[in-house]
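The values are calculated or read from the model by the stated rules, or taken from the named source; none is laboratory data. Just so it is clear, the model here is predicted, and its values are computed rather than measured. Here the Cβ positions follow ideal geometry from the backbone for every residue, glycine too, while neighbour counts run over all protein chains shown. For the accessible areas, the whole protein counts, side chains as well, though only heavy atoms, and no ligand, DNA or RNA atoms are used. Shrake-Rupley method; radii C 1.70, N 1.55, O 1.52, S 1.80 Å.
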Amino acid sequence: MSSILVNRAPVLTLWATVVAERLGHPADTALTLGRAVAGSAARVKARNIGREERTADRDAETPRLAEVHVTAPAFLLGKTIRLLPDDNGELRAADGDQPADPAAVERYLVKAFGARLAEVRTAMAMLAARHEPAELNRIGFRLYERFRPDVPPGAAGWAAKAVLEVEKILAAT
C-alpha cells in the first residue's frame, strides 16, 4: 500500500492545483489557485470549530482592488477566487492585496509531500483526466472528500496529519 502521512491542507492545495490545470490554467496560476482554495476551506473550518471568529463586517471593511475573476468557469471547486496580475502581467490568486507567489506554494508542497510529490501529483492528474473539465470542477471537491486523509472531526482534526493513500486517489470515482 502506498501511503503518506500528511495534513489535509497540502492535499487540497495539490488537488485544486491539478483541477485548475485541467481547466486550462497555466501551472503557476494553478498553484496559486490551489493555495487559495485550501486557504478558503481552512478558514471555513476554523470558524466552524471556533478557532477563528468572523466579524459580520470584516469583509465589508477590506479594501477592494480592481478584480479579475477566474473565467470559464468563474470559480474553482465551488470557490470564487480573486486574481491579480503579477509584475509580469501573469494572473495569480490574490494573497491579501498582492498576487500570490507560485514558488512559495511549490515549496510548501515539496515540504509536505517530500519525494512523493510527483507520485501523488501523477495519481491526481490521472483522476482528473477521467472527467471533462466542467464536470471535474463541479464534482472535484466531492472527489477530494473520497481520498483525503481521514482526520478526527472538529477541533481534534485541526492541523492533524493522517494517512493519504495513493490507491484511494486512483480508485476515486
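List the pairs whose first member sits in region 157-173 and is on the phi > 0 side of the Ramachandran plot, whose second member is of a type in the set (F, W, Y), and whose Cβ atoms are under 9 Å apart, counting only residues at least 6 apart or on separate chains?
none
Among the residues of region 51-64, are any open to solvent by less than 60 Å² (accessible area, probe 1.4 Å) and either at pLDDT below 90 or under 22 Å from P153 (Cα atoms) (or both)?
yes
Which one of the conditions (1) hydrophobic (A, V, I, L, M, F, W, C); (2) closer than 16 Å to A16 by Cα; (3) at pLDDT 95 or above does A134 fail to meet, given that it meets all the rest?
The single condition A134 does not satisfy is (3).
Give me the pairs, please: first residue somewhere in region 22-34 and open to solvent by less than 30 Å² (accessible area, probe 1.4 Å), second residue anywhere and of a type in the set (D, E, K, R) and modelled with pLDDT of 95 or more, beta-carbon distance under 7 Å, and either six or more positions apart or on two chains.
Filtered contacts from region 22-34: A30/E21; L31/E106.
Could you list all residues from region 1-20 that are part of a strand (DSSP E or B) and of a type in the set (A, V, I, L, M, F, W, C)?
I4, L5, V6 - these are the residues of region 1-20 that are part of a strand (DSSP E or B) and of a type in the set (A, V, I, L, M, F, W, C).
Can you find a residue in region 98-110 that is among the small types (G, A, S) and modelled with pLDDT under 90?
No - not one qualifying residue is present in region 98-110.
Any residue in region 138-156 that is modelled with pLDDT under 95, touching a helix residue (DSSP H, G or I) at 6+ places or on another chain (Cβ under 7 Å) and over 14 Å from L77 (Cβ atoms)?
Within region 138-156 (the criterion being modelled with pLDDT under 95, touching a helix residue (DSSP H, G or I) at 6+ places or on another chain (Cβ under 7 Å) and over 14 Å from L77 (Cβ atoms)), the answer is yes, since at least one residue qualifies.
Going by the conditions given, is A74 at pLDDT below 60 and within 23 Å of H131 (Cβ to Cβ)?
Yes, satisfied.
Those residues that are in contact (Cβ under 8 Å) with a residue 60 or more places away in the chain and among the small types (G, A, S), I need them from region 134-156; list them, please.
Once the filter is applied, which keeps residues that are in contact (Cβ under 8 Å) with a residue 60 or more places away in the chain and among the small types (G, A, S), region 134-156 yields A134, G140, G154, A155.
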